[in-house]
Amino acid sequence: FIAEERRPQFGFFGDSWQTIYQSKNACGLIEHENIKLIKKEDISNIAFIYIDVNELHTFNDRYGHAAGDQMLLYVAEVMDDEFKDSKVYRMGGDEFLIIVKNIAKSEIDTKLRNANILIEEMKYHISIGVAYGSEGEDIESIFKLAEKRTYEEKSRYYQHKELQKTMHTPNRQVNTVT
C-alpha cells in the first residue's frame, strides 16, 4: 500500500482536517515520497512521535461516535498546532504519527507536555512514544521503536487505571500481612 496524503473522508470534519493526513497503513507511510527523501538524508535529525488516543472505544460507546470523532479531531488539532512545521498523519483509528525534523529533544518534550496539558483539560488521554534518529539504524526501526514505546505507555495507562478502579471499589476487603 502507498500512504495517501489527503484529507480523511469523514464528511463531519470538513476542512478542519486540512492539515491532517491519513495513511492506509504504517508500511505505506514509510514508503511515502517524503519518507523516501528522509531515507536519503542523515536520519540523526529525525524524530517519530507516535500517538494513540486512549479509551476511544469506551468514549464512543458512552457518548456516541460523533463525540469520539470530536475527540480525535481535537487531539489532531492540538498536535498540529504544537508541531506547525511538521505533518500529523492519522494512521487509522485512534493513532497518529508526527514526523519531526531538526527540532531538539528538549523542544519536542516541551511541545508534547503543552499538548498533553490541553488534551487532559478536555478529559482525554493519550499515550505517546518518541524515537529519535540516533536510536535506530534506519527509519523503519525508528518508527517501530516509537510505536513500541507508545504501546508500552498505553499499557501503563491501563494498568494505572485498573489500579485506581480497584482502590476506589466500595466494600473491598483489604488483607493485611501481620
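FYI, it's all coordinate maths here, none of it is from the lab. Just so it is clear, the model here is predicted, and its values are computed rather than measured. Quick reminder, even Gly has a Cβ in these numbers, built from the backbone with ideal geometry, and neighbours come from all protein chains shown.
Charged side chains reduced to their Cβ positions (Lys and Arg at +1, Asp and Glu at -1) give segment 47-124 a dipole of some 220 debye around its Cα centre. When peptides 154-166, 138-150, 101-113 are sorted by average Cβ neighbour count within 10 Å, with the highest value leading, the order is 138-150, 101-113, 154-166. Considering only Cα-Cα distances, which of the following residue pairs are longer than 21 Å: Lys144/Lys165; Lys105/Lys148; Lys101/Lys123? Violating the 21 Å Cα-Cα cut-off are Lys144/Lys165; Lys101/Lys123.
For segment 83-146, the Cβ-based charge dipole about the Cα centre amounts to some 240 debye (Lys, Arg positive; Asp, Glu negative; other atoms uncharged). For segment 51-119, the Kirkwood radius over C-alpha pairs fed into Stokes-Einstein at 4 °C and 1.567 mPa s yields D = 102 µm² per second. Here the spin labels are modelled as points 7 Å beyond Cα on the Cα-Cβ line, and at Glu140 and Arg62 they lie 4.0 nm apart.
With a simple spin-label model that places each label point 7 Å from the Cα along the Cα-to-Cβ direction, the separation between Tyr157 and Ile117 comes to 2.0 nm.
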